[in-house]
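Asker: The structure follows.
Where a number appears in this text, it was derived from the coordinates with a stated rule and is not lab data. Since the model is a prediction, treat every value here as computed from it, not as a measurement. Virtual Cβ from ideal backbone geometry, glycine too; neighbours counted across all protein chains shown.
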Amino acid sequence: MANLPEETAHVPKHALKHFQDYLGEFVYGGIDGSVTTFAVVAGATGANLDSSVVIILGFANLIADGFSMSIGNYLSKKTEREMYKRHQKTEYWEIENMPETEREEVRQIYRDKGFEGRLLEEVVAKITENKDRWVDTMMKEELEMIAENKSPLNMALATFVSFVAVGFIPLSVYVLDYIFKLSLSLFWISTALTSLAFIGIGWLKSFVNQSSKVRSIIETLLLGAIAAGLAYWVGNILEQLFRH
């Protein structure tokens, strides 16, 4: 029992590490979810649609687009892993059946990097003494392929959860209005909440891209503003056309 606090203390660290592994998927899912859903809200507002219609369109977008994006992510990453394994299997076969040819390829790779003479031969000998190391070198240096250790299913799940969770923010005030009949300016409250979401996602994006936090936040805000502006403008024009 004395060890229990120490063991449980590692749980948050493990959970944080797991979140960090999939931060990229979370960020880009959140960006897509918030931008597209806010665009739906803006377009519906421009067309003077009722809150119930905004909710219907918004949730349809959340589920359909979120699922589509996550499935696309899953299939893409799964295909990449299968392609990597296929090329890796080929490299093992070539090492087994054409060792001298493959050894010469390693030699040429490191000769091009500036190695020569005895040092070059020592590098080649060290790499080719172990088949796994040899194949790994060929995959990275010759084929320029790096193994993806993250689960495609988990990547898709992180994308979907983020898309729905962050994408719900622009809709939240409309849902509350539908339930509690609020007498508020719904679109501007949604705009403020979505702006905060953009700021948060932009801040997280700076860690993924290793870029300036301010620049990342501004880029995300601008992206959302442009998408919302276009959607509002289209909705407004279509509403006027159909009204006449």
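Asker: Kirkwood Rh, the stretch 143-244, all Cα pairs: how many Å?
Answerer: 16.5
Asker: Could you tally up the Lys pairs in the stretch 83-142 with alpha carbons closer than 21 Å? Skip any pair fewer than 8 positions apart unless they're on separate chains.
Answerer: 8
Asker: Here is a follow-up. State, as an integer percentage, the relative contact order of the stretch 83-142 based on alpha-carbon contacts under 8 Å between residues 6 or more apart.
Answerer: 44
Asker: Which of the lysines could be linked to LYS205 by a straight reach, that is with a Cα gap under 16 Å, when you skip same-chain ones fewer than 8 residues away?
Answerer: By straight Cα distance, LYS205 reaches LYS213.
Asker: Would you calculate the convex hull of the Cα atoms in the stretch 83-142 and tell me its volume per residue in Å³?
Answerer: About 66 Å³ per residue, rounded to a whole number.
Asker: Related question: At a Cα cut-off below 20 Å, give the aspartates and glutamates reachable from LYS77, other chains included and same-chain residues fewer than 8 away excluded.
Answerer: ASP21, GLU25, ASP32, ASP65, ASP136, GLU144, GLU148
Asker: I need TRP188, TRP203, TRP134 ordered by Cβ neighbour count within 10 Å, fewest first.
Answerer: Sorted ascending by nearby Cβ count, the order is TRP188, TRP203, TRP134.
Asker: A follow-up question, please. Which of the DSSP-defined H helices in the chain satisfy a minimum axial length of 24 Å, computed from C-alpha atoms, and a minimum mean Kyte-Doolittle hydropathy of -0.5?
Answerer: Within the chain the helices that satisfy the rule are 23-46, 51-97, 186-209, 213-243.
Asker: Using only alpha-carbon positions, what ratio does the radius of gyration of the chain give when scaled by 2.2 N^0.38 Å?
Answerer: In units of the globular-protein estimate, the chain measures up at 1.45.
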